[in-house]
Amino acid sequence: MKLKIYGTGASRAARPVWAALELGVPFEHIATPYQGGATRTPAFLALNPNGHIPVVVDERAEGTVIVWESMACALYIARVHGHADGASITPATPREEAEALRWSFWTVSELEKDALTVLMHRMAMPEDQRKPELADQAESRLKVPLAVLEKHLQAQNAKGEAYLAANRFTVADVCVASVAGWIRPAAALLAHSPAVSAWLKVCLDRPAQSQARAMK
Ligand SMILES: N[C@@H](CCC(=O)N[C@@H](CS)C(=O)NCC(=O)O)C(=O)O
């Protein structure tokens with residue numbers, strides 16, 4: 001198959017997989033766990049010298065394209081394998097493109113680190129290794145970006161648009177919701193952002209999201 005996605009569902013690889021599933025693009029999933037050395041083999045490091053998943057490999061007539069960085073992978077799949085028809089997750093106008101780019105970059109710079117701390121220290125790590133004080137500090141910092149996201153979604157809702165970039169689910173929502181979902185263990189924090197909470201639930205309830213997360 002011409003499009004391959006390396007990774008596992010319980011990782012950042014869920015982002016490009018989610019995008020591909022939303023588009024109905026055929027792809028081969030190369031199951032690659034992030035633990036146990038699979039991302040440190042010479043063959044894998046030739047694909048991504050950082051030794052991280054996900055990696056997207058796209059065999060094209062003009063040559064092989066390799067993409068790493070999960071947000072870039074999801075945006076690439078939407079742009080190159082989707083159709084800018086105003087119906088799919090692919091941005092269809094310059095404004096939608098700008099929203100997808102800015103919210104994806106914003107997510108990795110403003111949200112991801114603290115969201116991951118919340119996930120790890122409230123839920124994912126074994127209880128005896130969690131440090132609740134780290135989660136408390138992360139939640140306190142997250143109030144600032146969550147207020148920014150809340151304000152944007154409120155403005156979108158006031159315009160009759162239910163999603164980040166348009167009045168339809170786009171790759172912008174894939175990129176942001178896949179990280180914002182990590183904050184769900186901080187229910188009290190999310191309760192202060194009703195538009196974010198409602199939007200997040202709608203995004204994460206999409207069948208392609210659970211399908212992506214369930215991939216080995
Ligand atoms: N900024 C990168 C981070 C990738 C990353 O850290 N992936 C983790 C899994 S979620 C990984 O591969 N860890 C294995 C390792 O670092 O050895 C991205 O968004 O793709």
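The values are calculated or read from the model by the stated rules, or taken from the named source; none is laboratory data. Quantities reported herein were computed from a predicted structural model and do not represent experimental measurements. Don't worry about glycine lacking a Cβ; one is built from the backbone with ideal geometry, like all the others, and counts go over all protein chains shown. SASA here: full protein model, heavy atoms, side chains in, ligands and nucleic acids out. Shrake-Rupley method; radii C 1.70, N 1.55, O 1.52, S 1.80 Å.
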Qualifying chymotrypsin sites (Phe, Trp or Tyr not before Pro) for the stretch 1-51 [loop in DSSP, other Cβ within 10 Å: at most 12]: none
Trypsin sites (Lys or Arg not before Pro) lying in DSSP loop within the stretch 96-165, provided at most 11 other Cβ fall within 10 Å: 159
Length gained when the stretch residue 109-residue 79 is fully extended (0.36 nm per residue, less Cα-Cα span): 8.6 nm
Residue 129-residue 95 FRET efficiency (beta carbon distance; Förster radius 35 Å; 0.05 resolution): 0.20
Magnitude of the charge dipole, the chain, Cβ model with Lys/Arg +1 and Asp/Glu -1, debye to 20: 180 debye
Nonlocal amide H pairs with residue 30, under 5 Å, H built at 1.01 Å: 5, 6, 7
Computed accessible area, residue 205, all protein chains, 1.4 angstrom probe, square angstrom: 90 Å²
Apportionment of accessible area to carbon and sulfur, the stretch 1-77, percent (1.4 Å): 57 percent
Compactness relative to 2.2 N^0.38 Å, alpha carbon Rg of the chain: 1.02
Distance from the stretch 22-56 to the stretch 65-102 (C-alpha centre basis), Å: 20 Å
Surface accessible to a 1.4 Å probe, per residue, for the residues of the chain, Å²: 48 Å²
Net charge, residue 211 excluded, C-beta distance under 14 Å - Lys, Arg +1, Asp, Glu -1: +2
Label point distance in nm, residue 210-residue 62, each placed 7 Å from Cα along Cα→Cβ: 4.0 nm
Cβ-Cβ FRET estimate between residue 45 and residue 158, R0 fixed at 41 Å, reported to 0.05: 0.25
Too-long pairs where the Cα-Cα distance tops 25 Å, listed order kept, from 131/216; 2/216; 131/151: 131/216; 131/151
